[in-house]
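Reviewing the structure listed below.
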Amino acid sequence: MNKVVLIGRLTKDIEVRAVGNTPKKVAEFSLACQTGKEAEFINCVAWDRTVEVLDQYTSKGSQIGVEGHLTIQKWQDQNGNNRQKMIVTCDRIELLGSKKSEQTEGEYKPLENHEEDTTKPLPVNEPIKRTDIGSDYLPFY
């Protein structure tokens, strides 16, 4: 099994690149994930529609959730040395909130600007009618 789930903040704005002469898009980014008092910086890569969503709705400091899998990138440097790094390839992302500087401590602020219609009264729920069914009907009692 190869599965990774992370929650963290983007360390910089997403930079979108095209893949050759194809319509495919790719973006590599770093996610700062809190581990106690320290932060770990995890390299991630996203493709196609995920890149478009990240580019449109996030910026440096945005909190996101990432679900993906580990991939090892291999290449040769200018001196001919074999190099490699482990990255998280994003299969799914979730936008969790705005940049930390745009919210107060402990406040959750979603990315979308959602305006509520305050002219409608809130629905009133009827009270729940409770019925004592007795212990004979509870198999675990």
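Readers should treat all values here as calculations from the given coordinates under stated rules, not as data from a laboratory. Keep in mind the model is a prediction, meaning the values are calculated, not measured. Glycine also receives a Cβ, built like all others from the backbone with ideal geometry; neighbour counts cover every protein chain displayed.
What the table shows:
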quantity: Neighbour cut-off at most 16 other Cβ (10 Å), DSSP loop, trypsin sites (Lys or Arg not before Pro), the stretch 26-92; calculated: LYS37, LYS60
quantity: Model label zone, GLU94; criterion: amide N under 12 Å from point 7 Å along Cα-to-beta-carbon; scope the stretch 1-33; calculated: 5-8
